[in-house]
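These notes concern the structure reproduced below.
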Amino acid sequence: MAAATGTGRKHGEGLQGGRGLPPARRVVIGGGGLAGLTLALSLAKGSAGGLDVTVFDPALAQPAPGGDASRASAIAAGVRRMFEALGVWSAVADRAEPILDMVITDSRLADPVRPSILNFSGEVTPGEPFAHMVENDDLINALAAACRQAGVTLVAEAVMGFSAGPDRVSVTTASGEEIEAGLLVAADGARSRLRDMADIGWIGRSYGQVGIVATIGHERPHGGRAIEHFLPSGPFAILPLATREGRHRSSIVWTERTADADYLLQLPAEDLHEELERRFGLELGEITLLSPARGFPLSIGIARRFVAERFALVGDAAHLVHPIAGQGINIGLRDVAVLAEKIIDACRLGRDVADEEALLAYERARRFDTVTMGIATDGLNRLFSNDFLPGRLVRDLGFGLVERMPAVKRFFIREAAGLVGAVPRLMRGEAL
C-alpha cells in the first residue's frame with residue numbers, strides 16, 4: 001500500500017497544501033481500520049473533491065495480509081448497501097459468504113445433543129440476505145484502494161498530537177509534519193490515544209472474558225448457516241466463510257472466562273483441536289485449524305462525549321459492545337454513515353467541516369443507539385454466560401415464544417440488518 005510521508009513541512013504546505021483548500025475543507029482521520037477508511041471514502045466521494053481528506057495509521061505501510069489468518073466480520077445488510085453506494089462491495093463480493101439462516105442452541109458442554117431453541121432465516125428483501133461474512137483484511141485492502149482512487153491521502157505514520165482552536169485544528173504527526181485542518185476524527189480503536197488527548201472520559205468495565213477467534217476448515221459445506229451455541233462460559237459462534245482453494249471454511253468466535261482462555265491458548269495443537277471439536281461438533285465432519293487461535297479481552301464501554309471542539313470519535317474509539325450479537329463493526333460503521341452525512345450536508349450549506357451543530361447532531365443520533373446496543377448485548381451475555389437452572393428455563397421459554405412469532409422474528413432480522421429506525425442515507429444504499 002503506497003504511503004505518503006512527511007518531511008517536517010509546516011501548516012499544510014506538504015501533504016495538504018497542494019490542492020489549495022482552506023483548513024475549513026480539510027479532514028484528518030487518525031486510524032486506518034474499517035471505520036477510518038470508510039469515513040475517508042464517504043467524505044471524499046460525498047464531497048466530489050470538495051474536501052481534502054487524509055488518513056494516518058502506521059499500519060498503512062503494507063497491504064493487510066488477508067487469507068486464513070485474518071479476522072472476519074458479519075457485515076449487516078445496511079452496511080453492505082453502504083459499501084455498494086461507495087463502490088467497494090464489488091471488490092469483495094466474490095469472497096463474501098451470505099448468512100442464509102442462523103441457529104441458536106442453549107446447552108452444557110457435555111450434553112450429547114444440542115437442540116435448537118431459535119432459528120432465524122429469511123431475507124430483508126427478495127434476494128438480499130440480512131448479513132454476509134467478509135474477512136476484514138479483504139475489506140481493508142478494497143477500501144484503501146478505493147480511497148487512493150478517490151484522492152484520499154494515506155499516510156503510514158501516527159498522529160502524535162493536536163491542538164484545537166476556534167477556526168482550525170493543528171495536527172502533529174510522528175515525522176514532525178504539522179497540518180492545519182478543520183476537523184480531526186479519532187478512529188484509532190478502543191484504546192484511543194486521540195480520545196485521551198482530547199480529554200474525553202471513558203466509562204466501561206471488563207467482562208473477565210476473552211474472545212478467541214480462528215478460521216476453521218471442515219469436511220462438509222456449511223450451506224450458509226451460522227450457529228451460536230450458548231454455553232455456560234459464553235457463546236461459541238460458528239460463522240460461514242466463503243470456500244477458498246477448495247476448502248470449506250468457517251470463522252469461530254469462542255468466548256471463555258479469562259483464566260480458561262489463557263489455559264486454552266497455551267495448549268499443544270492436538271489438545272486445542274480436541275477442545276475445539278467438543279464445542280464445534282461433528283455436523284460438518286472433521287475440522288482443521290487453518291489459522292492461529294488468537295484471544296482478545298472483552299469489555300463494554302462508551303465515551304462520555306462523542307465530539308469536542310473540531311474533534312469527533314467513531315467506531316471502537318467511541319464505544320465497545322460484547323460480540324455476542326456480532327454488531328460491533330456494524331454500529332461503528334453506522335457512526336461513519338451518520339457523521340459523513342452530517343458533515344457533507346453542512347458543507348453543502350457553506351458551513352465549516354466541523355460545524356458545531358452538525359457534530360452535535362451526530363452525537364445525538366448515535367449516542368442512544370450505542371447505549372441501547374450496549375445494554376442489549378450486556379444483558380444477553382449476563383443471561384447466557386451461566387448455568388443457573390431457573391435462568392436457563394426462563395431464557396429458553398423466551399426464545400421458544402419468539403420462535404413461534406414470525407412477525408417478531410422478522411423485526412429482529414431487520415434490526416440485525418441495520419434497517420430499523422432512522423437509517424442514514426448511505427445505509428439505504430443512497431449516495432451522499
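Laboratory data are not the source of any read-out in this text; all were calculated from the coordinates shown. Quantities reported herein were computed from a predicted structural model and do not represent experimental measurements. Glycine also receives a Cβ, built like all others from the backbone with ideal geometry; neighbour counts cover every protein chain displayed.
Structure values in brief
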{"read-out": "Principal-axis tilt of helix 269-280 within the chain, Cα atoms, nearest 10 degrees", "value": "80 degrees"}
{"read-out": "Calculated FRET efficiency for the pair residue 206/residue 121, C-beta based, R₀ 22 Å, to 0.05", "value": "0.05"}
{"read-out": "Rule-of-thumb Rg ratio for region 315-385 [Cα; 2.2 N^0.38 Å; N residues]", "value": "1.32"}
{"read-out": "Positive-pole candidate from 155, 417, 98, dipole of region 23-428, charges at beta carbon", "value": "417"}
{"read-out": "Residue-span extension gain [residue 410 to residue 382] - 0.36 nm each, minus C-alpha spacing", "value": "7.6 nm"}
{"read-out": "Expected-Rg normalisation [2.2 N^0.38 Å, Cα atoms] applied to the chain", "value": "1.00"}
{"read-out": "Selection from 324, 78, 131, by position along the positive dipole direction of the chain (Cβ)", "value": "78"}
{"read-out": "Residue 124 long-range amide H proximity, modeled H, under 5 Å", "value": "130"}
{"read-out": "Folded to 0 to 90 degrees: helix 406-416 orientation relative to the chain principal axis, Cα", "value": "40 degrees"}
{"read-out": "Amide H within-cut-off set for residue 310, under 5 Å, with H built and near neighbours excluded", "value": "none"}
{"read-out": "Virtual spin-label span in nm between residue 145 and residue 286, 7 Å along Cα→Cβ", "value": "3.6 nm"}
{"read-out": "Crossing angle, helix 356-384 versus the chain [Cα axis fit, 0-90 degrees, rounded to tens]", "value": "20 degrees"}
{"read-out": "Dipole in debye (nearest 20) - the chain, about Cα centre, beta carbon charges: Lys, Arg +1; Asp, Glu -1", "value": "960 debye"}
{"read-out": "Relative contact order of region 20-152, defined on C-alpha pairs under 8 angstrom at six or more residues apart (%)", "value": "34 percent"}
{"read-out": "5 angstrom amide H check on residue 75, placed H, neighbours 5+ away", "value": "132, 133, 134"}
{"read-out": "Pair residue 294, residue 94: separation of 7 Å Cα→Cβ label points (nm)", "value": "2.6 nm"}
{"read-out": "For the chain, calculated [θ]222 nm from helices alone, where every DSSP H run of n ≥ 4 adds -39500 (n - 2.57)", "value": "-10500 deg cm²/dmol"}
